[in-house]
1. Could you tell me whether region 143-158 includes any residue that is surrounded by fewer than 16 Cβ atoms within 10 Å (Cβ to Cβ), at pLDDT 95 or above and either farther than 18 Å from E92 by Cβ or among the hydrophobic types (A, V, I, L, M, F, W, C) (or both)?
2. In this structure, does D37 turn out to be within 23 Å of the chain's Cα centre (by Cα) and either not aliphatic (A, V, I, L, M) or not in a helix (DSSP H, G or I) (or both)?
3. Mind checking which helices (runs of 4 or more DSSP H) fall wholly inside region 48-167 and carry at least 1 residues that are over 30 Å from T35 (Cβ atoms), among the β-branched types (V, I, T) and touching a Ser or Thr at 6+ places or on another chain (Cβ under 7 Å)?
4. Yes or no: V171 of a type in the set (V, I, T), at pLDDT 85 or above, in a helix (DSSP H, G or I) and closer than 27 Å to E28 by Cβ?
5. Among the residues of region 10-68, write down those that are without any contact (Cβ under 8 Å) to a residue 24 or more places away in the chain, buried (at least 17 other Cβ atoms within 10 Å of the Cβ) and of a type in the set (S, T, N, Q).
6. Give region 76-98 a look and list any residue that's touching a residue at least 24 places away in the same chain (Cβ under 8 Å), buried (at least 18 other Cβ atoms within 10 Å of the Cβ) and not polar (S, T, N, Q), or say none.
Amino acid sequence: MDSSDSSSTRRQNTRRKLFEAAVTLIAEQGFSSTTVDEIAERAGVAKGTVYYNFASKTVLFEELLRHGVELLSDALQRAADETAGRGGGRVEALDAMVRAGLDFISRYPALAQLYAAELWRTNRAWQPTLAQVRRRALAVIERVLAEAVEAGELSSELDVPLTAAALFGMVLVAALDRQSFQPERSVDEVHAALSQLLQGRVGGGIRQPQGGV
């Protein structure tokens, strides 16, 4: 590895530490109450390192949201692709995406808490960024829903954008509710419950032709 590769790796590791420190602190005490000093201390770096990597705390937060939701979007897409690779249908892919979302939030609970909290704050400077990254995550789900409708697996009357948002919200709320109020439940249990809901409400939404048997 040459010096440029080594430098790039070090910077990526530093940025990862800053991301992890910032998301945890902001989820714990809010954006306004979290200082750059605290982020640096939690990450184990000098304060100047924060500003070297990010122009401001706001820029750090925007990049944090973007990075986190992009990771989630990638996890959802992988779940859909792997299901398709096994020859599974689109509803099966949606179920795999539900599981991928639950697993992701289980690994990054502070990020999910932060996203949920900031979703309702419309006066933040990073709202356009939040809307943009949310759009990317929903687009992954919408594509699978649209393909399912096109293939006849789901009803042509399905409202694809609204259903995608509902599935995304269902996973987010169920995962956070488990962590906050039902920690004794496993991810498997939550997935089983959501899978039944998905199969019954979305997967079962196809209308049989009149006169069919």
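The values are calculated or read from the model by the stated rules, or taken from the named source; none is laboratory data. In this text, all values refer to a predicted model and were calculated from it rather than measured experimentally. Here the Cβ is made from the backbone with ideal geometry for all residues, glycine too, and neighbour counts use every protein chain on show.
1. So far as region 143-158 goes, no, none of its residues is surrounded by fewer than 16 Cβ atoms within 10 Å (Cβ to Cβ), at pLDDT 95 or above and either farther than 18 Å from E92 by Cβ or among the hydrophobic types (A, V, I, L, M, F, W, C) (or both).
2. No.
3. It comes to 90-107, 127-150.
4. yes
5. T34
6. Those that are touching a residue at least 24 places away in the same chain (Cβ under 8 Å), buried (at least 18 other Cβ atoms within 10 Å of the Cβ) and not polar (S, T, N, Q): L76, A80, R90, V91, A93, L94, D95, M97, V98.
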